[in-house]
Amino acid sequence: MHEEGLLSERKVRLKDGQFVLTDSLEMSRLEDRILFLHRRFSGKPLDRDSSWWCELGASTKLRNQLTHPKSVTVLSDRDVERSLQAIIDTINAMFLAIYKRPLPVAARGLQSKMTF
């Protein structure tokens, strides 16, 4: 029940002697959910020294600066590339932890075959 509450971002309450999910929102940090899922499915803690984890942290910080501006944030092409690559690498790491195989398109990196 607590796992479902964490992943669905809903509060878990004790009601009539059992835990139940409520409709109340209880937000968790993305990093906490990633850490939980990684350990839950791989059985071992995530290596927080890995390069993708550090890049994810930097990308999250950049996202927060853009979403909740306190000053003007200058965004470069390199910042966007690093953030997108961090997302791909994070999904790949989660794929490895959960499905025990790499994300099929991870090796492509930022080179998409999509035409817009």
### Task
Would you compute, for the Cα atoms of segment 1-69, the largest minus smallest coordinate along each principal axis and list the three values in descending order, in whole Å?
45, 36, 11
### Query
What number of lysine-lysine pairs in the chain show an alpha-carbon separation below 28 angstrom, given a sequence spacing of 8 or more or placement on distinct chains?
6
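Please list, by residue number, every one of the trypsin sites (Lys or Arg not before Pro) in segment 85-116 that is coil in DSSP and has at most 12 other beta-carbon atoms within 10 Å. Write out the running numbers ahead of the final one.
On the way: sites: Lys100, Arg108, Lys113; in loops: Lys100, Lys113.
Of the trypsin sites (Lys or Arg not before Pro), the ones in loops of segment 85-116 whose Cβ has at most 12 other Cβ atoms within 10 Å are Lys100, Lys113.
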### Task
Enter the Cα centre distance for the pair segment 1-25 and segment 65-116, rounded to the nearest angstrom.
31
### Message
Beyond 19 Å, how much of the Cα-Cα pair distribution for the chain remains, as a whole percent?
### Response
60
#### Entry: Estimated [θ] at 222 nm from DSSP helical runs (n ≥ 4, -39500 (n - 2.57)) normalised by residues in the chain, nearest 500
-17000 deg cm²/dmol
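None of the figures in this text is laboratory data; all of them are computed from the coordinates on show. Bear in mind the structure is a predicted one, so any value in this text is a computation, not a measurement. Every residue, glycine among them, receives a Cβ derived from its backbone with ideal geometry; neighbour counts consider all protein chains shown.
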